[in-house]
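Q: Would you mind keeping the following structure in view while I ask a few things?
Coordinate-derived values only; no laboratory data. For clarity, every value in this text was computed on a predicted model and none was experimentally measured. For neighbour counting, all protein chains shown are included, and Cβ atoms are generated from backbone atoms with ideal geometry for every residue, glycine included.
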Amino acid sequence: MAASSSRGGPFHGGAAPFRSRDGLSTRQAASSDEIQLRIDPMSADFDDEITGLRSQVRQLRNLVIDAASNPTLWHYRLIEQQMTLIKAQASVKNNIRKLNKSIIKNGSNHIVHVVLFALLCFFILYLWTKVSRR
């Protein structure tokens, strides 16, 4: 049995088996989701093998837990960002409303000042071009 566990046997179709350590080898199961282990009784390293398998199972379990919780974390972050965006939009809307009320209440003299300043700049530019040609 030890000779067939180190070389390809009838369970493996002549191919070398997957081995984790001496004494354990895998063989093909009836369905593709199952793995069967054949234990060689000559090796007394079972405790270390079981400890190693337990640590691998624990790592896989932690990986599955992280993978399951990660989308929910992204979902909560997305909801939080959407709420922040909604609050920002509401505050901008309120500030625009207040600005419009103040413009209506105080008048829009600042627009008249901007237009007069632009006309003054164009007039000065016009005079400067006339003087520089002479």
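Q: In a shell of Cβ-Cβ distance under 15 Å around Lys93, excluding Lys93 itself, what net charge do Lys and Arg (+1) and Asp and Glu (-1) give?
A: After counting each charged neighbour, the total is +4.
Q: Estimate the FRET efficiency between Arg77 and Ile103 by the formula 1/(1 + (r/R0)^6), using the beta-carbon distance for r and 41 Å for R0, to the nearest 0.05.
A: 0.60
Q: If the cut-off is a Cα-Cα distance under 18 Å, which lysines reach Lys130, setting aside same-chain residues fewer than 8 apart in sequence?
A: none
Q: Stretched out fully, how many nm does the piece from Arg58 to Val112 gain, at 0.36 nm a residue minus the Cα gap?
A: Here the answer is 12.0 nm.
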